[in-house]
Amino acid sequence: MAQNIHFFCQDNRYVLKNKTVIRNWITRCAAKEHKMIGEITYMFGDDNQVLEANRQYLNHDYLTDILTFDYSEDDTLQGDILISIDRVRENAAQFGAKFGNELLRVIIHGVLHLCGYKDKTKKESELMRRKEDEAISDYYNHL
């Protein structure tokens, strides 16, 4: 089912590498949560594109690194995930992380939202971060 995970860059400023490895990783992470992949589309854009979508669809007027639109049904994950490469780069610099690691964190963050994890409270955020860390370890363990 990994072929049902699509990646698009809206402005051709960024090209995702290792797409097959990332698709397989996402599929493994979903399986660990007892979920199957339906159709997941990642769109990589810039701050302006993500901000406009945040305003238009969620009535939020602020920058964010990721927007997850969840269309999942039962145990089948489906959704559109919009990622700001600008925010990912800035967050990586702010947190002293490598860009690639921060991008993996954001990619799997969207999947975890599709799995039902939230991050509104401190407790939810801590669980989300733990799940992200486990998933990133899994990514590197399968290279």
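Each reported figure results from applying straightforward, stated rules to the coordinates on display, with no laboratory input. Fair warning: this is a prediction, and the values are worked out from it, not measured in the lab. Glycine also receives a Cβ, built like all others from the backbone with ideal geometry; neighbour counts cover every protein chain displayed.
What are the residues in the stretch 43-88 that are touching a His at 6+ places or on another chain (Cβ under 7 Å) and crowded, with 18+ Cβ neighbours inside 10 Å, if any?
Correct list: N54, I66.
Restricting to the stretch 110-129, count the residues that are out of contact with any strand residue (DSSP E or B) (no Cβ under 6 Å at 6 or more places or on another chain), closer than 24 Å to K19 by Cα and assigned to a helix (DSSP H, G or I).
Summing the residues that are out of contact with any strand residue (DSSP E or B) (no Cβ under 6 Å at 6 or more places or on another chain), closer than 24 Å to K19 by Cα and assigned to a helix (DSSP H, G or I) in the stretch 110-129 gives 4.
Inside the stretch 1-25, can you point out the residues that are closer than 12 Å to T41 by Cα and touching a strand residue (DSSP E or B) at 6+ places or on another chain (Cβ under 8 Å)?
Selection gives A2, N4, I5, H6, F7, F8, C9, R23.
Sort through I37, I22, I26 and tell me the only one that's in a strand (DSSP E or B) and surrounded by 15 or more Cβ atoms within 10 Å (Cβ to Cβ).
I37
Can you tell me which residue is farthest from I66 (Cα to Cα) among those in the stretch 40-52 that are among the acidic types (D, E) and not in a loop (DSSP other than H, G, I, E, B)?
E52
Give the stretch 94-135 a look and list any residue that's among the charged types (D, E, K, R), closer than 18 Å to W25 by Cα and either in contact with a Leu (Cβ under 6 Å, 6 or more places away or on another chain) or surrounded by 15 or more Cβ atoms within 10 Å (Cβ to Cβ) (or both), or say none.
E102, R105, K131, E132
Somewhere in the stretch 110-127, is a residue farther than 21 Å from Q10 by Cβ and within 12 Å of the chain's Cα centre (by Cα)?
yes
Could you grab the pairs with beta carbons closer than 7 Å, sequence gap of 6+ or different chains, first residue in the stretch 3-20 and closer than 18 Å to I108 by Cβ, second one of a type in the set (G, A, S)?
N4/G38
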